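Just so you know, all these numbers are worked out from the coordinates, no wet-lab data involved. Since this is a predicted model, take the numbers as computed values, not measurements. So basically every Cβ, Gly included, is an ideal-geometry build from the backbone, and we count neighbours across all protein chains shown.
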Amino acid sequence: MNNEVQTTTRRTNLQILDDKRKELGDGLVKYKQYLDVIPTAKQEQFKNNFLELATQDYLLSIVDTKELVRFATIITKTGLDISPSSKEVYIVPFDTKVNNQKVMLPQTIIPLNGMQQLAYQKGFFLLLDAVWKFDDGSCESESKLTRLQQASLRTADAKWVESHFIGFDVVLTDLKNELPTQVKFVDLNYVQQATKTIKDERWKLQTWRHKAVRRAYGDFMIPKGRKIEAFEEIEALNDSVLSQADTSSGKYLTNENEKALLQLGIKLQKFNGVAIASNYQGKENILQQFGFNKNGGNYSIEYIEDAQILPSKEPTAVNTQNQTKTDTKPSIKLFKHLSQKMDKETIGIFVNDVLGLTKDDTDGINEVLADLSLLDMMVDEYINSKSNQQEDKKSESEKVIDSLF
């Protein structure tokens, strides 16, 4: 009898897993435009890796499939393997706000073994060592403990760990012998504060390790040619998701503003349609004046990827020339027209899914722009249909949000 119950349960679990794989597979077909960022030769491998996410039930129950496809393709573009079995990168849900409502959005964590692999590719051996505080007031990393100290560890006792674990020693050894071994201590208070928004306890330790390594790596002396670009690329991706979560200010980065910010020492990192400011300490009010919003702990503003930056609105001779050049691009004309009724994300979906166009399809865009009245009618119909769909899902979404929070 017990064997029959176990068999039935096993079949049920397998069926659920198959259903999730099918849902993810349908998402890959529906949102195939996002796969364009991946080289054609690697797209099949990406699809197989993406289907492995079917085992991440908590993630799939919270994060929208479309956002998951888009997010996973950008991670893959950095050179990391998204499949859970590879353990090179984890996609986890973090909570944030959209229009003052709590929602869960995907964020990326590079776990310890993934960071060790990235370091090894650059010629480094990376070690993360737990640091403990003992009753006599001494502190030591776990790899250097005496036998007496090792015997006093009570890592199975949660209360003991909470009162004695104080952080990590991050050790970076240069396999090329160009640099001396470097050790950086990252305290527990920092990693706890940096990961306070994570809701899934299963990823807490991985997140702590990730934040500890990133904090230490920023302080390490690293030759320019051996820098791990994937760190910055993943952080930019995470920031771009959070930056676009809250309502946009309606302002875009301009050429003049970007130059002015650079003169003030404020650097901008552009990624996925969002410019994120750095080196702005003490200049937050200036960023706000230029239209930047603070989201996800960073100041950011949108920019138009086709034109990179828009000319400012002041009618100077230089700006007039820039405006003329920008307006000659059909894709920018179409964007400006659609932006009267749609936000940036909706425009991208409408152009791809409804008009069937890409930014490089000049002839097709010109045909659409030739009949603006027809275009406006299509826009109105799309907005109305989307509004009706959102209304139908509203009550169900509220139930899901209530159950989560």
Inset, instruction - Using a 10 Å cut-off on Cβ atoms, rank the peptides 62-71, 179-188 from the highest mean neighbour count down. - result: 62-71, 179-188
Legend entry - Extended-chain gain in nm, criterion 0.36 nm per residue less alpha-carbon gap, S163 and N177: 1.2 nm
Legend entry - Label-to-label distance, nm, for residues given as D26 and N13 (7 Å Cα→Cβ offset): 2.5
Inset, instruction - Rounded, prolate or oblate: pick one for segment 83-229, where a ≥ b ≥ c are the square roots of the eigenvalues of its C-alpha gyration tensor, a/c under 1.5 means rounded, and failing that, prolate if a/b is larger than b/c, else oblate. - result: oblate
Legend entry - Among V37, F50, L68 the positive-end extreme of the charge dipole of segment 29-72 (Cβ point charges): V37
Legend entry - Mean Cβ count within 10 Å, highest first, over the residues of peptides 131-138, 285-292, 340-347, 210-217: 210-217, 285-292, 340-347, 131-138
Legend entry - Inter-part distance where segment 46-66 and segment 144-217 are each reduced to a Cα centre, Å: 29
